[in-house]
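The values are calculated or read from the model by the stated rules, or taken from the named source; none is laboratory data. Everything numeric here is computed off the predicted structure, so don't read it as measured data. A quick note on method: Cβ atoms are made from the backbone with ideal geometry, for glycine too, and the neighbour counts reach across all protein chains shown.
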Ligand SMILES: Cc1cc2nc3c(=O)[nH]c(=O)nc-3n(C[C@H](O)[C@H](O)[C@H](O)COP(=O)(O)OP(=O)(O)OC[C@H]3O[C@@H](n4cnc5c(N)ncnc54)[C@H](O)[C@@H]3O)c2cc1C
């Protein structure tokens, strides 16, 4: 690129104005990608804080994560961002801990040798405790089945049911897909959720054999799969906000965007903040909210938005700070997921079993419940009862509690032709971007990666194609 072209590009960036609607991780990452090259960015966040589902509260004098509390460790946009924000030294790996399931069998740990809850050995003592001898024999029959139809089934529910039977499906696999993502196994794409499992099935001739072959080699790969940031994930949000401030992005919290209308080549945003309201004209908009507000804002401009909502139902998450010495030994691993319909809670996560925890400190437990209209006191009482039942606690003293409602989104591994279609439609408009878990798939690593890519698309549209003014080399 000639120096003239570079100068053109810089002045093009300075003239360009982008609005980002939503200050969760997707919005913050998208805003950063634009602000980095000098684009003038205004970010609107309707609540009074940034971070969206990455949220913390002061509980018993400690800032405590009350929703997302960690991330998947993998190379990619999130890892690069953590480095860029100078937080690499603050990354804290998760401790190894079992995952448990609660159901008709009681509460029992999943075998360590399992993928998505599918056991490598149905006769493993842990698997037998969950599915009983009958379930184990049924699952074993898979090894004797002809390999004719092997390797083609993408529906996780159908695959597990036909190969290993309904007990493995309902007691070992469904609690995880429901408890973690709010979807049945039938809505999970095997090829996306466990890449390589289907081909391993073709090679080995059985699903349990495939799981055994696909398990990470304990010696070769001892990296933890999850990590957090020392001090909690809100430290990451604060660092992102600080970087945006350094880049002179205009970040406005407590401001709701009510509508987006096209205005010439760009857009006009209508916003309200308490009694105040106003409009802002920009060249491009990136919508980074959850599904409900995004549909409302995008409906006039994108096709394919009249179908049913994509996202699973909202959940209530109750975070409890407990005096419960019996939890010191992490008796139920890092989490217990319930067989659907078998417990009031969808999941009970023992956060202080997952993250390093000072001896003598109180324990933090997060209980996920179906969203209800009950008041906070009732929700906290229901969560405490669920924690007692699923973590086998006597009578824990609750030092502090916090309840909040959160929107959930489909995992990226979901089988959802409607979402795939919507995603394609949303990637077409040169000056309108759509990011966030509801279109890209849930999880901080996924959301950050896709928000970065989408913001880069919008940003290059502005820099290179703006009325033919952008640099052309
Ligand atoms: C309970 C729970 C726990 C989770 N735990 C983990 C975890 O440990 N690790 C992990 O990787 N993933 C986790 N996830 C998933 C992950 O947190 C989400 O996928 C991710 O945070 C979504 O980010 P987002 O920016 O797309 O959406 P959000 O975080 O929902 O952000 C959207 C933002 O838009 C704002 N907004 C909405 N409407 C408007 C409007 N009209 N104008 C202005 N602003 C608006 C909202 O206030 C919100 O701040 C969890 C999810 C849930 C529900």
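Got a sec? Which helices (runs of 4 or more DSSP H) wholly within region 187-292 have at least 1 residues that are closer than 30 Å to residue 314 by Cα, within 14 Å of the ligand (Cβ to nearest atom) and under 24 Å from the mean Cα position of the chain (by Cα)?
Once the helices (runs of 4 or more DSSP H) in region 187-292 are filtered for at least 1 residues that are closer than 30 Å to residue 314 by Cα, within 14 Å of the ligand (Cβ to nearest atom) and under 24 Å from the mean Cα position of the chain (by Cα), what remains is 234-246.
With respect to the conditions (1) under 22 Å from residue 411 (Cβ atoms); (2) at pLDDT below 95; (3) buried (at least 22 other Cβ atoms within 10 Å of the Cβ), residue 327 lacks only one, and its number is (1). So the check is Cβ under 9 Å with 6+ separation or different chains; which pairs have a first residue in region 62-80 that's within 18 Å of residue 440 (Cα to Cα) and at pLDDT 95 or above and a second one that's part of a loop (DSSP other than H, G, I, E, B) and within 6 Å of the ligand (Cβ to nearest atom)? Here the result reads 68/52; 68/53; 68/54; 68/443; 71/443, each pair linking region 62-80 to a residue that is part of a loop (DSSP other than H, G, I, E, B) and within 6 Å of the ligand (Cβ to nearest atom). Taking every residue in region 27-54 that is under 18 Å from residue 464 (Cα atoms) and pairing it with any residue that is in a loop (DSSP other than H, G, I, E, B) and more than 13 Å from the ligand (Cβ to nearest atom), at least 6 positions away or on another chain, the pairs with Cβ-Cβ distances below 7 Å are 35/247; 35/249; 36/247; 39/16; 40/16; 41/249.
Output the residue which, of all residues in region 300-318 that are surrounded by 13 or more Cβ atoms within 10 Å (Cβ to Cβ) and under 27 Å from residue 271 (Cα atoms), is nearest to the ligand (Cβ to nearest atom).
314
Listed here are the strands (runs of 3 or more DSSP E) enclosed by region 329-370 that have at least 2 residues being within 23 Å of residue 62 (Cα to Cα) and more than 13 Å from the ligand (Cβ to nearest atom): 363-370. The one condition from (1) within 25 Å of residue 109 (Cα to Cα); (2) surrounded by fewer than 20 Cβ atoms within 10 Å (Cβ to Cβ); (3) more than 14 Å from the ligand (Cβ to nearest atom) that residue 321 does not meet is (2). Would you check which residues across region 19-48 are assigned to a loop (DSSP other than H, G, I, E, B) and more than 8 Å from the ligand (Cβ to nearest atom) and list them? Listed by number, the residues that qualify are 36, 37, 38, 39, 48.
Is one or more of the residues making up region 99-110 in a loop (DSSP other than H, G, I, E, B), under 18 Å from residue 166 (Cβ atoms) and touching a strand residue (DSSP E or B) at 6+ places or on another chain (Cβ under 8 Å)? Yes.
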